[in-house]
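The values are calculated or read from the model by the stated rules, or taken from the named source; none is laboratory data. Nothing here was measured: the structure is a model prediction, and the numbers come from that model. Glycine also receives a Cβ, built like all others from the backbone with ideal geometry; neighbour counts cover every protein chain displayed.
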Amino acid sequence: MAITATAAVLRAKGGPLSVEDTVVEDPRPDEVRVRLVGSGVCHTDLGVVATAVPEQLPIILGHEGSGVVESIGGDVTGLAPGDHVVLSYAYCGECDNCRCGVQMHCRSFMGLNFGGARADGSTAYRAGGDEVHGHFFGQSSWSQYVVTSPRNVVKVDPSLPLEILGPLGCGIQTGAGAVLNTLDPRAGSSLAVFATGSVGLSAVMAAKVAGCGPVIAVDPDPRRRALALELGATHALDPSGEGVVEEINDITKGGADYSVDCLGLPSVVRRALECLASPGVCASVGFQGVDNDISFNQGHLLFGRTLVGVIEGDADPHAFIPRLLDLFQAGRLPFDRLIQTFPIVKINDAVEAAQQGQVVKAVVTFGD
Ligand SMILES: [Zn+2]
Ligand SMILES: [Zn+2]
């Protein structure tokens, strides 16, 4: 039976989002339908709101969902109605990269995550009798019910606070994974994080988990710097002045072993490279669009410095999200401190609060 759901639909570039009754199809044999409990607001959602072209609209966005499996297709194994789940990104499971365990580089990543439809071009969502684009990151989790692939679905312990777990599927996984998976720093090494929103603060918490020190947070917002210090940073710097690279050199006595750029702006990536010791590695996680040229000094890079781009924290969600939850339960990754919830009917307030930086991570909730 198709099911009626409340969803936030983007009907025009720039918004606002319209909260509407939608109809969500039954899952196909290889799909599951999930009743959402919470969904994060990520900057990738905001980017689509700001830049959507008419062919993409109307669309249901959202890609940090958590909820309960409502029904499963006949071919699905390993999941059952009632399971508590976190949703992550989409991948095909069949291409060379997926088979090698680097599904964050799936050959079909762009189409499956940004195409607004299933791989065959269809959509499970309708509103007012018309088709609505969906399947954003295989999710469209700003809908109370979503149809998704078991590949997107990670089963979690039902004793966990399900409402706030959705950001594990993108933002938290991205920041923590850049440190724990991509950089994998040795204990005692120094690490600097540029921009401490939800991704950067997740990187800070992960650096503490890895035993790094000093851990240096760089952010112009004094509230974010204060939070970074509470979550594991040993130093917090305001980049507004010119001297942040020199300050990092002083603190680390010659440069950071590792850095994480969470913005992608050319000036920030350059500083994240310039602050590195020799050798040193910078993980660039920020995204400012596909046309984003950066210049830097090759003579600096030559001495063993590495710049690496990171998608989704280099994480296999099925292994990494349980690892992050173990850390959370041990009190070592308190990501709940980043989150503020809004009911789905207030999603435009949540989007505005995220845009203005008033919240670190907004999560919309659907009630029980
Ligand atoms: Zn693939
Ligand atoms: Zn995201």
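The criterion of at least 1 residues that are within 16 Å of the chain's Cα centre (by Cα) and closer than 22 Å to ASN113 by Cβ is met, among helices (runs of 4 or more DSSP H) falling completely within the stretch 266-368, by 317-329, 347-356. What residue, among those in the stretch 216-236 that are part of a helix (DSSP H, G or I) and more than 20 Å from the chain's Cα centre (by Cα), is surrounded by the most Cβ atoms within 10 Å (Cβ to Cβ)? That would be ARG225. The residue of the stretch 160-192 that is farthest from ASP257 (Cα to Cα), among those that are hydroxyl-bearing (Ser, Thr, Tyr) and surrounded by 24 or more Cβ atoms within 10 Å (Cβ to Cβ), is THR174.
GLY331 meets each of the listed conditions (1) surrounded by fewer than 22 Cβ atoms within 10 Å (Cβ to Cβ); (2) out of contact with any helix residue (DSSP H, G or I) (no Cβ under 8 Å at 6 or more places or on another chain); (3) on the phi < 0 side of the Ramachandran plot apart from (3). Whenever a residue of the stretch 27-47 is within 15 Å of ALA8 (Cβ to Cβ) and within 14 Å of ligand 2 (Cβ to nearest atom), its partners that are at pLDDT 95 or above and part of a loop (DSSP other than H, G, I, E, B), lying with C-beta atoms within less than 6 angstrom and at least six residues away or across chains, give the pairs SER39/GLY62; SER39/GLU64; SER39/SER141; SER39/TRP142; GLY40/GLU64; CYS42/GLU64; CYS42/CYS170; ASP45/LEU61. Restricting attention to the stretch 80-102, the residues being within 16 Å of ligand 2 (Cβ to nearest atom) and either more than 30 Å from PRO161 (Cβ to Cβ) or not in a loop (DSSP other than H, G, I, E, B) (or both) number 2. Screening the candidates GLY177, GLY93, GLY129 for the property of being under 23 Å from LEU273 (Cα atoms) and among the small types (Gly, Ala, Ser) yields one hit, GLY177.
On the stretch given as the stretch 14-43, residues that are modelled with pLDDT under 95 and under 25 Å from LEU168 (Cα atoms) total 1.
With the structure loaded, tell me whether GLY73 is within 30 Å of GLY14 (Cβ to Cβ) and small (Gly, Ala, Ser) or whether it fails that test.
Numbers: within 30 Å of GLY14 (Cβ to Cβ): no; small (Gly, Ala, Ser): yes.
For GLY73, the condition - within 30 Å of GLY14 (Cβ to Cβ) and small (Gly, Ala, Ser) - is not met.
Residues to consider are CYS42, CYS106, CYS98; find the one that is surrounded by fewer than 20 Cβ atoms within 10 Å (Cβ to Cβ) and assigned by TED's automatic domain parsing to the domain that holds ASP349.
CYS98
Taking the stated definitions as given, is VAL310 in contact (Cβ under 8 Å) with a residue 12 or more places away in the chain, aliphatic (A, V, I, L, M) and touching a Gly at 6+ places or on another chain (Cβ under 9 Å)? For VAL310, the condition - in contact (Cβ under 8 Å) with a residue 12 or more places away in the chain, aliphatic (A, V, I, L, M) and touching a Gly at 6+ places or on another chain (Cβ under 9 Å) - is met.
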